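To start, the structure itself, in structure tokens.
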Amino acid sequence: MTTATSTTIDYLGSEADDLLNHQCVLPADMLHLPGGDAIERVWTASDRNSQVLRSLKSLYGHGRLGGTGYLSILPVDQGIEHSGAASFTKNPIYFDPENIVKLAMEGGCNAVASTFGVLGSVARKYAHQIPFIVKINHNELLTSPNQFDQVLFGSIDEAWNMGAVAVGATIYYGSEESRRQIVEIADAFAYAHERGMATVLWCYLRNNDFKVDGVDYHASADLTGQANHLGVTIQADIIKQKQPTNNRGYVAMNADGSFGKYDSTMYDCLCTDHPIDLCRWQVANCYMGRAGLINSGGASGEDDFAQAVRTAVINKRAGGSGLISGRKAFQRPMEEGVKLLNTIQDVFLDESITIA
């Protein structure tokens, strides 16, 4: 039986017993679990060169979670992905890139992830103080009507020159542009590895066809799991994915047999509708945890602390490697943002919260 701090139990509320004591149907002993020895235990068997291993060690070794095998990353690329006005009006200090880096540092994060412009503007002052993850591609929101595509905003060499230990990218799997993005980012990741940087992939789904009969399957376990599997295929070292909210996306979309392939055994024997089982399926598709799964924190709202703790508990108990939470942290006063990041990290530091 799993125990946890009273703070975590309070945040989980009526779900506490269910989330803290659930046991997954896909056994934990099949996974490569996070831990302080994960680089040596998992990655030294791979084709990643010594410089990449050092970069991964830097990511996993920094901040309050340093040495645990877990990650707490502050991502602030929303000024491009959601527009500066929509992102920073609640807290305009974050129009200044230095405050983004300060929040990550004061919040005890493993790394800060942002744009070429943000990180490049303060690189000489901070690149040696906290690991940088440079997001190399973005959507842009000044085409009318809005279009959804990810295009390169800079080069791998630029990221390396500013002292980044890793690069990040997004692929909109399922979109009309996805095949170009796959080729583009596969090439970029291969070169990033040559230069010794780790790679982080935002594996997002984007296609209106993923909405069937009024149900949105963009965050279904089976479809996001396959996106993860595509991501690790192009050698992403870390996968960022939205935590699943439902399942059976393949079933819903495959009524006429025209979309994808699936095996109903997954739904019957390997995964239930419990949120931790759904997340474990995402981990399984990251080569059974060889590549770390970090879940996104989601938009800021009224119950940010409770939602963040819930997301962290699900990720940790599923076998994931941490959280990457941005808007919940920077769309509030910095002191509160630091507290939220620390609250997330406390879940991963709590040894009583075990793998399900």
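The numbers here are math on the coordinates, done by the rules we state, and not lab data. These figures come from a predicted structure and were not determined experimentally. Cβ placement follows ideal geometry from the backbone for every residue including glycine, while neighbour counts extend to all protein chains displayed.
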message = Suppose each label sits 7 Å from its Cα in the direction of the beta carbon; what would the Asp37-Ser14 distance come out to in nanometres?
response = 4.4
ask   = Taking the Cβ-Cβ separation of Ala186 and Thr354 as r and a Förster radius of 22 Å, what is the calculated FRET efficiency to the nearest 0.05?
value = 0.05
query = Mind checking which of Gly163, Gly257, Gly61 has the largest fluctuation in a GNM of the chain, springs on alpha carbons under 10 Å?
reply = Gly257
key: Cα-projected label distance for Ala45 with Lys211, points at 7 Å along beta-carbon direction, nm   = 4.3
query = What whole number of Å gives the distance from the Cα centroid of segment 301-356 to the Cα centroid of segment 196-251?
reply = 21
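Identify the trypsin sites (Lys or Arg not before Pro) of segment 85-185 meeting these criteria: DSSP loop state and at most 16 other C-beta atoms within 10 Å of the C-beta.
Numbers: sites: Lys90, Lys102, Arg124, Lys125, Lys135, Arg179, Arg180; in loops: Lys90.
Those satisfying the criteria are Lys90.
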request  = Please find, in a Gaussian network model of the chain (springs between Cα atoms separated by less than 10 Å), the residue of Pro27, Pro97, Pro244 whose mean-square fluctuation is greatest.
outcome  = Pro27
key: Residue among Lys339, Lys211, Lys316 with the largest mean-square fluctuation in a Gaussian network model of the chain, springs linking Cα atoms under 10 Å   = Lys211
remark   = Expressed in nanometres to one decimal, the distance between label points 7 Å along Cα→Cβ at Gln147 and Thr89 is 2.6
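What percent antiparallel are the DSSP beta bridges of the chain, to the nearest 5?
Counting DSSP beta bridges with both partners in the chain, the antiparallel share is about 10 percent.
So if each residue of separation counts as 0.36 nm, and I subtract the Cα-Cα distance between Thr7 and Thr265, what length gain in nm does that give?
Computed gain between Thr7 and Thr265 is 89.1 nm.
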query = Across 5 Å bins from the origin, how do the percents of Cα pairs in segment 25-94 run, short distances first?
reply = 4, 14, 16, 14, 12, 12, 12, 10, 6, 1
remark   = Least to most buried among Arg290, Arg310, by other C-beta atoms within 10 Å and fewest first, runs Arg290, Arg310
query = Quick one: what does P(r) look like for the chain with 20 Å bins over all Cα pairs, in whole %?
reply = 31, 62, 7
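Identify the GluC sites (Glu not before Pro) of segment 64-108 meeting these criteria: DSSP loop state and at most 13 other C-beta atoms within 10 Å of the C-beta.
Sites meeting the loop and neighbour criteria: none at all.
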ask   = Roughly how many whole Å is it from the C-alpha centroid of segment 69-100 to that of segment 1-53?
value = 27
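If each residue's Cβ is checked for other Cβ atoms within 10 Å, how do Cys269, Cys109 rank with the fewest at the top?
So the residues, fewest neighbours to most, are Cys269, Cys109.
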request  = Would you please classify the overall shape of segment 172-213 from the alpha carbon gyration tensor, given that a ≥ b ≥ c denote the square roots of the eigenvalues, rounded means a/c under 1.5, and beyond that prolate means a/b larger than b/c while oblate covers the rest?
outcome  = oblate
key: Sum of side-chain charges, Gln78 neighbourhood, beta-carbon under 12 Å (Lys, Arg +1; Asp, Glu -1)   = +2
ask   = Pulled fully out, how much extra length does the chain show between Asp29 and Ala306, if you take 0.36 nm times their separation in residues and subtract their Cα-Cα distance?
value = 96.8 nm
task = List nothing, just return the count: lysine pairs in the chain, 8 or more apart or interchain, with Cα separation under 14 Å.
result = 5
